[in-house]
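The values are calculated or read from the model by the stated rules, or taken from the named source; none is laboratory data. Every value quoted in this text rests on a predicted model; they were computed, and no experiment measured them. When we count neighbours, we look across all protein chains shown, and the Cβ atoms used for this are built from the backbone with ideal geometry, even at glycine.
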Amino acid sequence: MFEIAIAAILVHNFVLAKFLGLCPFIGVTKRTDSAFGMGMAVTFVMTLASAVAFFVFRYVLEAGPQNLLHRLGLISVDQDMMLVLKTVSYILVIAVLVQLVEMFLRKSIPALYKALGIYLPIITTNCAILGVVLLNTTDAPATHTPSFVNCTFRGFCAGLGFTLVMLLMAGVRERLDRVNVPKAMQGAPIAFVCTGLMALAFSGFAKLFGVTG
């Protein structure tokens, strides 16, 4: 569990190591409170999506006698549905969870809901969430054996890693607003430069902890 946590949060951070989820990372990190709210929303969706996707993988996509489609007589026992249904089924799971988050924020925290704006519904197509779900199940490395606990915990840690870099980036950009940045570098250009420098810094955790997978 410790290795999973270190790998997901620091070594293989989905934003800085895999460059997934850059749209909300750049768009919602102008203020710390908005960045934290987005990070918590993404962590919630990542965790639940990883948990639900495991059951979808195990009982719908993976070939074997446990497959529900096989038990209903729709496919043969050795027919693999991963290539056909994995993307559609996972995006459907993520979309449902995002709708739940959106309804909760709209009713309970309207200020945060307005601050997140368009970036809240596009969590549905956030490649970081889809990447976590895929790497947990159908596209898992050979060294990773999918299990409910491991998949859920990896999704939670990946969300924490996403929140961490969102907060770090928000702190950097709030400081940049108080300095004299050349006009050509203002906005997205200086944000991408800072992202690259943060990615270089995070790459040092790989040798520090010796985590490769």
Taking VAL193 as the residue in question, decide whether it is farther than 19 Å from THR47 by Cα, touching a Cys at 6+ places or on another chain (Cβ under 7 Å) and not aromatic (Phe, Trp, Tyr). no
Please name all residue pairs, on different chains or six or more residues apart, with Cβ atoms under 9 Å, provided the first residue is in the stretch 22-45 and is over 16 Å from GLY159 (Cα atoms) and the second residue is buried (at least 18 other Cβ atoms within 10 Å of the Cβ) and of a type in the set (Gly, Ala, Ser). ILE26/ALA191; LYS30/ALA170; ARG31/ALA115; ARG31/ALA170; THR32/ALA170; ASP33/ALA115; ASP33/ALA170
For PHE36, which of the numbered conditions (1) surrounded by 18 or more Cβ atoms within 10 Å (Cβ to Cβ); (2) under 20 Å from the mean Cα position of the chain (by Cα) fails to hold? (1)
Select from the stretch 116-166 the residues that are in a helix (DSSP H, G or I), modelled with pLDDT of 85 or more and among the polar types (S, T, N, Q) and write down the one among them that is surrounded by the fewest Cβ atoms within 10 Å (Cβ to Cβ). ASN150
So which residues in the stretch 40-79 are surrounded by 14 or more Cβ atoms within 10 Å (Cβ to Cβ) and part of a loop (DSSP other than H, G, I, E, B), if there are any at all? GLU62, ALA63, ASN67, ILE75
Search result, residues across the stretch 21-33 that are surrounded by fewer than 19 Cβ atoms within 10 Å (Cβ to Cβ) and either within 18 Å of LEU134 (Cα to Cα) or within 11 Å of the chain's Cα centre (by Cα) (or both): LEU22
